[in-house]
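Structure first, then comments.
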Amino acid sequence: MFLSEIWRRIGFLRRARQFDAEMEEELRFHAAMKADALRSAGASGQEAHYAAMCRLGNRTELTERSRDMWGWGWLEGFAHDTRYAFRMLRRSPAFALIAAVSLALGIGANTVVFSVLNALVLKSLPISDPARVFFVNNSGGPSQSFPNYRDIRDRNGVFESLFAYRIAMLSLDDDRGAHRFWGYLVTGNYFESLGIQPALGRFFTPAEDVHPNASPYAVLSYACWRNRFGGDPEIARKEIRLNGRPYTVLGVAPRGFHGTEVFYWSDVWVPMTMQPQIEGHSWLDVRGTFNAWVAGRLRPGVTVAQADANLKIIAAQLAHEHPVNEGMRLTLGAPGLMGSAGREPTRAFTGGVMLLAVLVLLAACANLASLLAARTADRGRDLAIRLSIGAGGGRIMRQLLTESIWVALLGGALGCALADVLLRLISQWRAPLEFPVQFDVTPDWRVFLFAFAAALATGVLCGMGSARRAWRADPASELKGPVAPRAGRRWAARDVLLPVQIALCCVLVTASLVAARGLIRSLQTPLGFRPEGAAVIGYDVGLAGYSEEKGRIFEQRARDVVAQLPGVESAAYSSSVPLSIDQSTTTVYAESVTDFLPISAHYYFVSPGYFQTAGTRILAGREFRPDDRTEAPLVAIVNQTFARRVLGAGDAIGRRFRRGPGGPLFQVVAVAEDGKYESLTEVPKAAVFFPILQDYSSTIVLVARSHRGETEIANEMREAIGRLDPHLAIFGTGSLHQMLGFVYLPMHAAVIALGAFGVLALMLSITGIYGLAAYTVSRRVREIGIRVAIGARPMQVLRLIFARTAWLVAAGAIAGLALGLAGADVLASIVYQATTRDPAVMLAVALLMISVGFTAAIGPAHRALRIDPVEALREE
Amino acid sequence: MGKDLPRTEIPPGTLYMLILRSLARLGPMHGYGIAQHIQQLSEDVLQVEEGSLYPALQRMLIKGWVTAEWAQSENNRRARYYRLTALGKKQLSLELSEFDRVTRAITNVIQPA
């Protein structure tokens, strides 16, 4: 029944034209019969005809209503309205263009931001039933020690399976030499827990978990298999050489699966049991080394609250059993961004930017709404005629809404296209880092749905005002002629829209200026070293199979070779540099027995000359010397925070501390300035430097300071080291600044995004002010003409026309500044050290808004002054 | 538009019944004939508005209560004739009994005790 009715209606759609013709004929017949009846009652032929037609009333409406019975009325009405809307838009292309472009920018900006938000926060990992997979946070941080992982895995009653993983750096050898390779160390149940199927071959199983160093197997990522192994269909069971040792490829991960972290695109997965071989030193049995990340799949039906409760008990047990776990809290979080530690700031950041993007769209909306309102007012006569010849108010409203919705949809489509291009660029962009960071922000259905919804909402929102006005319009008074402006005192929707738009614009401009200030300030933040003029090269001699003894010799030879390059003032090497991705902490204890509280400190192994080369100032004491080697007394250089926190008041030099509980004692030989170690926003942290000659690190960052270009020096360094050992995998060469890129990434992203918003907002407010000013002038040409005729001076004319607009703009700007001050918290989540309570920013915003106002008013003012009274009065 | 004629609105919902009844009595008939028929039988009390009649006829076509075909009218004009279907007959008896029930109920309420 239902289906057949739909079928009938579809059939009807095809016959719509015939329907109208038949209806017309039927009504003509009706009228003719009626006329016959009237004639036989004595009326004359003509009279009868008119009476009959009159009795029939509005035939078009009757036909439409009959057609509506078929249920497609709204659709046909929509099609009709659409045709009409496009006709009207074609007739005023300037309006259509301005409206569509401003909405395209607004919707495009929103689509881009939403897409990023979607990719980072909303989209789940490409695994089966992702809703049940959770990351296990350890006291707010991501890292867990492996023995702890084993205990949690075995004691919990809520996880179907719990796996551990770690980002690992490897080198792949082939006939062309060694290549840097990025991968994951994972427990055997990793793939099983994620519930994904290999594209080829097989994955690890828990059998690979049993014996240390006994499972030399690897799973390749799809991209790695395609790019590095040419998509070899026989790759499974083949052997590859990782870190100089043979590994058997078991299979290939499915396309689109890059691992369990959103940013990090892995090349290879290796069983966790191979960790000692891959990383050189084993921490799998060290309870105090927190190097693994833990996640798992909840049993069906287990709630997050139940799991948290279970983990709470286990955490309490572990804290009780092992002092190193003191204060341990285990909590669930969504996976993909280093647990909650990465997710919360990411969410705050993208959420804050999204909020500002919505403000851009609202400003664009206000812009379009006032354009539409002006347009409706100009079309008042046309609408009044249509109302008075019988078009229903609802019909007119629908017509106007259709028009604004189509403008919005056009703008939305354009915005989507813009966003798509931009998003593709972002997705292809690889951060200039040694680390395979990539953002897959290609839009999916959610993004397009969002853009469509945004466009539709925009259309309805913008059209509502003018449609309502048309609904309430009084045709009689409209037809009498253009309403004489009642001395411009009446409040219209436009008068509210402009200040709203200006206020939004102010907020956005404030935000972008604050972001720019924040970036400048963060670039000026003392880092504790000087990246300018420093070139770096990273490598790992362990990966190339060097023993400690040979590695030590190689590292020194490499330094000497680089130090002799022309233009190099000094060269030194260290296990890592501050603010790069590779950071380690250790626990230290003051020598005094009264205080046994461990303090966590960043540590680095550095060669003699490191401080001079890195540009870190030594405040007291001496640099490491070549004779600070294994046979000499153990020494260390600490930063100011370390000295204060661990060694207390007084001169730190000569005092001693322990590394690790019951570890060896180190004597402080110098105090270095404080710096930033993990992020620019961190509070001062304790850091300690040990002589690399008294210790050993196979991972090396070699730093050279020079007045020549950093890239140039870096290339020469690469060549020089390549000559020493062509099989060494180089991890990254370039300026030290590039190595720190990751730290500045959010800042740069914020400045680009907010800067773009600010420019958009400025453009919108210029068009908004221009629109209202131009409109005011055009409506009051006559009045201005009269005033000029009776002797008004130019300034008086301008004051007359623009006083009100100026007040509206000023009111909006003040409201916007107030809003910006109130919204400082949101900004703080986006921009480091953001404060809107910054007189420079406030002043800049005020000046910008004033200049925007003047720029926008120049055109209309010019026009107002050129009005010729004679012509103006002749016009009507 | 005929403001001088005293007109009575056809109670809502009864127009379908009146049209069905007319078609049942007259056989196939055009819209004008149906309107005339109702007006005459009701002694000019019920005036069928064209604005309601033709949409109603379309609705009834969709429902399948009537079919329509073009034919020559009594004075040689082409007219659309509506014919009651079996479904329409069933609908008519349904509406009649419902109307009867409601009228009786109303009578019971308003008759003097």
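Annotations for the structure displayed:
- Annotation: A:His737 fulfils all but one of (1) part of a helix (DSSP H, G or I); (2) over 30 Å from A:Ala672 (Cα atoms); the unmet one is (2).
- Just one of the listed residues (A:Ala85, A:Ala131, A:Ala52) is surrounded by fewer than 22 Cβ atoms within 10 Å (Cβ to Cβ) and within 14 Å of chain B (Cβ to nearest Cβ), and it is A:Ala52.
- Some residue of the stretch A:322-345 being open to solvent by 40 Å² or more (accessible area, probe 1.4 Å) and either under 20 Å from A:Gly183 (Cβ atoms) or among the aromatic types (Phe, Trp, Tyr) (or both): yes
- Hits in the stretch A:738-756 - residues which are open to solvent by 10 Å² or more (accessible area, probe 1.4 Å) and among the hydrophobic types (A, V, I, L, M, F, W, C): A:Met739, A:Phe742, A:Val743, A:Leu745, A:Met747, A:Ala749, A:Val751, A:Ile752, A:Ala753, A:Ala756
- The stretch A:149-174: number of residues that are of a type in the set (S, T, N, Q) and within 20 Å of A:Phe290 (Cα to Cα): 1
- Condition broken by B:Leu18, with the remaining ones in (1) away from chain A (no Cβ under 11 Å); (2) assigned to a loop (DSSP other than H, G, I, E, B); (3) under 30 Å from A:Asp36 (Cα atoms) satisfied: (2)
So that you can scan it fast, the table gives a plain yes or no per residue for (1) open to solvent by 60 Å² or more (accessible area, probe 1.4 Å); (2) modelled with pLDDT of 80 or more; (3) assigned to a loop (DSSP other than H, G, I, E, B):
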residue: A:Ala37; (1), (2), (3): no, yes, no
residue: A:Ala43; (1), (2), (3): no, no, yes
residue: A:Ala48; (1), (2), (3): no, yes, no
residue: A:Glu61; (1), (2), (3): yes, no, no
residue: A:Glu64; (1), (2), (3): yes, no, no
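- Tally, over the stretch A:660-669, of residues that are closer than 11 Å to A:Phe690 by Cα and either in contact with an Asp or Glu (Cβ under 9 Å, 6 or more places away or on another chain) or surrounded by fewer than 19 Cβ atoms within 10 Å (Cβ to Cβ) (or both): 2
Rundown of residues vs (1) open to solvent by less than 40 Å² (accessible area, probe 1.4 Å); (2) more than 18 Å from A:Gln694 (Cα to Cα); (3) in contact with a Phe, Trp or Tyr (Cβ under 7 Å, 6 or more places away or on another chain), yes/no style:
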| position | (1), (2), (3) |
| --- | --- |
| A:Ser580 | yes, yes, no |
| A:Ala590 | yes, yes, yes |
| A:Arg617 | no, yes, no |
| A:Asp628 | yes, no, no |
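- Consider the stretch B:68-88 and keep the residues that are closer than 22 Å to B:Pro55 by Cβ and in a helix (DSSP H, G or I). The one that is nearest to the other protein chains (Cβ to nearest Cβ) is B:Leu87.
- Conditions (1) surrounded by 20 or more Cβ atoms within 10 Å (Cβ to Cβ); (2) more than 11 Å from chain A (Cβ to nearest Cβ); (3) in contact with a Phe, Trp or Tyr (Cβ under 8 Å, 6 or more places away or on another chain); number of the one not met by B:Pro28: (1)
- Given (1) open to solvent by less than 40 Å² (accessible area, probe 1.4 Å); (2) under 23 Å from the mean Cα position of the chain (by Cα), number of the condition A:Ala369 does not satisfy: (2)
- Restricting the stretch A:81-127 to residues that are in a loop (DSSP other than H, G, I, E, B) and of a type in the set (A, V, I, L, M) leaves a set whose member that is farthest from the chain's Cα centre (by Cα) is A:Ile127.
- Exclusive hit being under 30 Å from A:Asp582 (Cα atoms) and more than 26 Å from the chain's Cα centre (by Cα), set A:Asp173, A:Asp154: A:Asp173
- All positions within the stretch A:786-808 that are open to solvent by less than 20 Å² (accessible area, probe 1.4 Å) and either under 25 Å from A:Gly758 (Cα atoms) or modelled with pLDDT of 85 or more (or both): A:Thr805, A:Leu808
- Qualifying position, being more than 30 Å from A:Gly675 (Cβ to Cβ) and either outside any helix (DSSP H, G or I) or at pLDDT 80 or above (or both), among A:Leu772, A:Leu764, A:Leu754: A:Leu764
- The stretch B:31-67, subset among the hydroxyl-bearing types (Ser, Thr, Tyr) and surrounded by fewer than 18 Cβ atoms within 10 Å (Cβ to Cβ), residue farthest from the other protein chains (Cβ to nearest Cβ): B:Ser42
The values are calculated or read from the model by the stated rules, or taken from the named source; none is laboratory data. Keep in mind it's a predicted model, so treat the numbers as computed, not measured. Reconstructed Cβ throughout: ideal geometry from the backbone, glycine too, with neighbour counts over all protein chains shown. For accessibility, only protein heavy atoms count, side chains too; no ligands or nucleic acids. Shrake-Rupley method; radii C 1.70, N 1.55, O 1.52, S 1.80 Å.
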